[in-house]
Amino acid sequence: MIKPLTSLRFFFALCVFFSHLSFLKLDEDYKDLFNNIFSEGFLGVSFFFILSGFILALNYREKFRRNTITLKKFYIARFARIYPLHFVTMLVSIPALFSSYKILTYNNFLLQSYIPDQQYFFSYNAPSWSISDEMFFYAFFPILIIVSYKFSTALKTILFAGFVFLILALNNLLPSEKIHYWLYISPLTRIFDFLLGIFLFDIYSYLKNRNLILNTNTYTILEIGSLFVLILFFILRNNFPISYRYSIYYWLPMCLIILISAKPFILEKKETWISKLLSWKWLVYLGEISFGFYLIHYLAITYVSKYNGLMGIHLEGIPLALVMFSITLITSIFAFEKIEKPLNKKIKNTFS
């Protein structure tokens, strides 16, 4: 486990949570806060897709190269990691968000993101569309990791340059109503985020193997600099079409944050204060429950909105958002301890 990266998962899950507090834009006191800051929280998805490719490459590339893991064991591990909580949250979503048994079937088999129709990819527990994408990535990972190892740096650069040109072309060719699906939702395009994470691991490995030693103060500057790049991109975002921000726009800052946080260099003395902060056990724990936080937050928002005022107390604005956050956090801890960990272990032991 790379502790700073684990902690960062929670902060980007929080960004996605903010982006779904759409009721704030109906309140004059918070409308600007939502429209100018919270609404861009979808950038967290790019972080998760790139990080997923990076972490899987870190954990499995050598195992696949040396044939020390079977495809069966890999797929069971991936299934055990994400499906149990997806299934539970899907069931919990049915009373409030039921649409049809056909769409429920797509959700059950994590196929909803393959259908370019919002009734499918945003059905039931809407954030699970990205879990549908992840399963698509996992299916191709054993091939991608071998191919990426054999590809030269030049070929990888050409590949991603080609994808950038594809995005530019699609931005001009696609009808505006199709852009959201094809550039943000579709696993066929989002797999490039995942592949970027795999290639980022190649850069990490190259730097790691060179055993470069950096001064701790210099590394602190790199850590702050990577965050500054993300902030700069965020500030300048309105100068770029939403289609770019759905896809390639945040690639650079996310890659810098992941790479610098993974520490490909040897520090001359002790850890930086930023690394120490992100390695604090409670932040790491929040990172560990971030998958649950991500899958549960939309349901918390949905049900709290549905029953707000039922007990005679009607909340609005930030107080309402804080209640939603608290319920999400508490439920995520319970889900991590009572659903994710035990079922993950049980599935692996049973089928491996």
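All of the numbers you see were taken from the coordinates with simple rules; none came from a lab. Quantities reported herein were computed from a predicted structural model and do not represent experimental measurements. No Cβ is skipped: glycine too gets one built from the backbone with ideal geometry, and neighbour counts run over all protein chains shown.
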Next item on the list: Can you list which of the chymotrypsin sites (Phe, Trp or Tyr not before Pro) found in region 72-148 are DSSP loop residues with at most 16 other C-beta atoms within 10 Å?
Entry: F98, F109
Check: Which order results if S46, S152, S100, S39 are arranged by neighbouring Cβ count within 10 Å, fewest first?
Finding: S152, S100, S39, S46
Check: Which one of I248, S22, F336 is farthest out on the positive end of the charge dipole of region 3-351, using unit charges on Cβ (Lys, Arg +1; Asp, Glu -1) and the Cα centre as origin?
Finding: F336
Item checked: Alpha-carbon centroids, region 52-79 and region 1-25: separation in whole Å -> 26 Å
Check: So, with +1 on the Cβ of K and R and -1 on the Cβ of D and E, and no other charges, what is the size of the charge dipole of region 149-273 about its Cα centre, to the nearest 20 debye?
Finding: 160 debye
Next item on the list: Take the cross-link list K263/K348; K73/K345; K73/K341 and give me the ones stretching past 19 Å between alpha-carbons.
Entry: K263/K348
Next item on the list: May I ask you to sort L58, L168 by Cβ crowding, counting other Cβ atoms within 10 Å and putting the fewest first?
Entry: L168, L58
Next item on the list: Work out the FRET efficiency for L322 and S176 from their Cβ-Cβ distance, taking R0 = 51 Å, and round it to the nearest 0.05.
Entry: 0.90
Next item on the list: May I ask which residue of L315, Y149, T189 lies farthest towards the positive end of the charge dipole of the chain, with charges of +1 (Lys, Arg) and -1 (Asp, Glu) on Cβ and the Cα centre as origin?
Entry: Y149
Check: How far apart, in nm, are the 7 Å Cα→Cβ label points at L91 and S305?
Finding: 2.5 nm
Check: Using alpha carbons only, how many degrees (0 to 90, rounded to 10) separate the axis of helix 153-173 from the longest principal axis of the chain?
Finding: 30 degrees
Note to self: Which residues among region 12-54 fall inside the zone where the amide N is under 15 Å from a point 7 Å beyond the Cα of K63, along Cα→Cβ?
What the structure shows: 53-54
Note to self: What is the angle, in °, between the Cα long axis of helix 341-351 and the longest principal axis of the Cα atoms in the chain? Nearest 10 is fine, range 0 to 90.
What the structure shows: 70 degrees
Margin query: Could you work out [θ]222 nm for the chain from helices alone, using -39500 (n - 2.57) per DSSP H run of at least four and dividing by all its residues? Round to the nearest 500 deg cm²/dmol.
Written below: -23500 deg cm²/dmol
Note to self: What does the extension gain come out to for F165 and N238, with contour length at 0.36 nm per residue minus their alpha carbon separation?
What the structure shows: 24.2 nm
Next item on the list: Of the options N211, P95, I289, report the single residue whose Cα projects farthest towards the positive end of the charge dipole of region 3-351 (beta-carbon charges: Lys, Arg +1; Asp, Glu -1).
Entry: N211
Margin query: Skipping prolines and chain starts, which residues have an amide H placed within reach, meaning under 5 Å, of the one on L267, given they are 5 or more residues away or on another chain?
Written below: L214
Note to self: For the pair K25/L71, report the inter-label distance in nm, with labels modelled 7 Å from Cα in the Cβ direction.
What the structure shows: 4.4 nm
Next item on the list: Subtract the Cα-Cα distance of N349 and S279 from 0.36 nm times their separation in residues, and report this length gain in nm to one decimal.
Entry: 22.2 nm
Check: Treating the beta-carbon of each Lys and Arg as +1 and of each Asp and Glu as -1, no other charges, what is the dipole magnitude of region 3-351 about its Cα centre, to the nearest 20 debye?
Finding: 1600 debye
Margin query: Principal axis extents for the chain, Cα atoms only, whole Å, descending order, please.
Written below: 63, 48, 46
Item checked: Pairwise FRET efficiency - Y101 versus I203, Cβ, R0 = 35 Å, nearest 0.05 -> 0.15
Next item on the list: Could you please rank D193, D32, D27, placing first whichever residue has the fewest other Cβ atoms within 10 Å of its Cβ?
Entry: D32, D27, D193
Notebook entry, point to check: Distance from the Cα centre of region 118-163 to that of region 171-209, in angstrom?
Noted result: 7 Å
Next item on the list: Give me the angle, in degrees from 0 to 90, between the Cα long axis of helix 187-209 and the longest principal axis of the Cα atoms of the chain, rounded to the nearest 10.
Entry: 40 degrees
